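The values are calculated or read from the model by the stated rules, or taken from the named source; none is laboratory data. Since we're looking at a predicted model, the values are computed, not measured. In this analysis, Cβ positions are derived from the backbone assuming ideal geometry, glycine residues included, and neighbour counts consider all displayed protein chains.
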Amino acid sequence: MGAHEGKCPPVEACAQSSAGAYLGTVVRFTSKSNTRNYPPVGQCIYCRTREEPLKREHIVPLGLGGTHVLPKASCECCERITGRLEGYCLQHMWGALRGRAGFPSRKMNKRPKTVAVSVEHFDGSSGLIDVPVEDYPAMLGLPVFPAARVLKQLPDEPNAPVPGARWWMWYEEDKLRDFALRHGVRKVHSQNIRPDVFSRMLVKIAHAKAVSEIGVDGFTPYGVDFILRGSAGMNYLVGCWANQEEPEMEHAYHVTGIREHPRTPMILIDVRLFAGLGAPTYHVVVGTKNAT
Ligand SMILES: [Zn+2]
């Protein structure tokens, strides 16, 4: 497998941001982005075993249009765990949306033709109705967290609700209304969302991104236990900046960038999935930078 450079259009980095300057290029991925293989890591980026077989790791899952790959970067054991995380997000949270939005799939021809939509009827009862994928009133809900607790030197609070968290929602209003009228239902629910699982997947993406930028020995990671075992609060390493402007980025699947925190040795990765829909940007504190 030869390494080959992708041609991802760089986006102007915002150097004045309170979050610190970007270290590398901010990368915007689109459906036209090429595959980029980084040099093989030669060890599992999670548990650090060097024992073969080591598998390739997509930084952003392929099913979300991720085209950047770390070869020889995950042992089979860790791959099973991260695979489950991604599977949950891609199938249970966004399966229908990805079908509608035309995201790539490993099994393009096996993609379901219908979607079970959870609805509330006028008599107050709930149920599922099967509709063709093209009829699905696409919806996306994502949690908006306050800034990561570790940045504010707040203690971790696993299993506690996140104070100040809210939901960001995207949906096609006309389609939704039309759908409800046609099927005679009062409400249409989005797919199940698990903010804790979503948060773990964001940390996984950010961790792999940091390895691609500064190497597996370039930082002391904070997120491995959280990725593998969920052993932290969902807002401990992941957050959103208050009043952050979220420009609409047409045709962009997702955007990633790496920053150095201005007042601490912490390394932050920005992850914005579904950028084309105007979804929130998350910062993930991946660890502290190692002295070189
Ligand atoms: Zn491993």
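Only one of (1) at pLDDT below 80; (2) surrounded by 15 or more Cβ atoms within 10 Å (Cβ to Cβ) fails for I129. Which number is that?
All conditions pass for I129, except number (1).
Considering region 134-159 alone, what residues qualify as being more than 20 Å from S231 (Cβ to Cβ) and either of a type in the set (G, A, S) or touching a helix residue (DSSP H, G or I) at 6+ places or on another chain (Cβ under 8 Å) (or both)?
E134, D135, Y136, P137, A138, M139, L140, G141, L142, A147
Kindly indicate whether K72 is at negative phi and at pLDDT 95 or above.
No.
Output the number of residues of region 62-88 satisfying the condition of being farther than 12 Å from R200 by Cα, touching a residue at least 24 places away in the same chain (Cβ under 8 Å) and either of a type outside the set (V, I, T) or within 15 Å of the ligand (Cβ to nearest atom) (or both).
Going through region 62-88 one residue at a time, the tally reaches 15.
So for region 35-44 (the condition being part of a loop (DSSP other than H, G, I, E, B), within 21 Å of the chain's Cα centre (by Cα) and near the ligand (Cβ under 10 Å from one of its atoms)), does at least one residue qualify?
Yes - at least one qualifying residue is present in region 35-44.
How many residues does region 154-188 hold that are surrounded by 14 or more Cβ atoms within 10 Å (Cβ to Cβ) and either more than 20 Å from the chain's Cα centre (by Cα) or at pLDDT 85 or above (or both)?
Residues flagged as surrounded by 14 or more Cβ atoms within 10 Å (Cβ to Cβ) and either more than 20 Å from the chain's Cα centre (by Cα) or at pLDDT 85 or above (or both) within region 154-188 amount to 14.
For region 194-217, how many residues are within 13 Å of the chain's Cα centre (by Cα) and either farther than 25 Å from V41 by Cα or not in a helix (DSSP H, G or I) (or both)?
Going through region 194-217 one residue at a time, the tally reaches 5.
For region 238-256, name all the residues that are touching a Ser or Thr at 6+ places or on another chain (Cβ under 8 Å), modelled with pLDDT of 80 or more and not aromatic (F, W, Y). I'd like the intermediate steps shown before the answer.
Of region 238-256, the ones touching a Ser or Thr at 6+ places or on another chain (Cβ under 8 Å) are 238, 240-241, 244, 246, 251-253, 255.
So of that shortlist, the ones also modelled with pLDDT of 80 or more come out as 238, 240-241.
Answer for region 238-256, where residues must be touching a Ser or Thr at 6+ places or on another chain (Cβ under 8 Å), modelled with pLDDT of 80 or more and not aromatic (F, W, Y): V238, C240.
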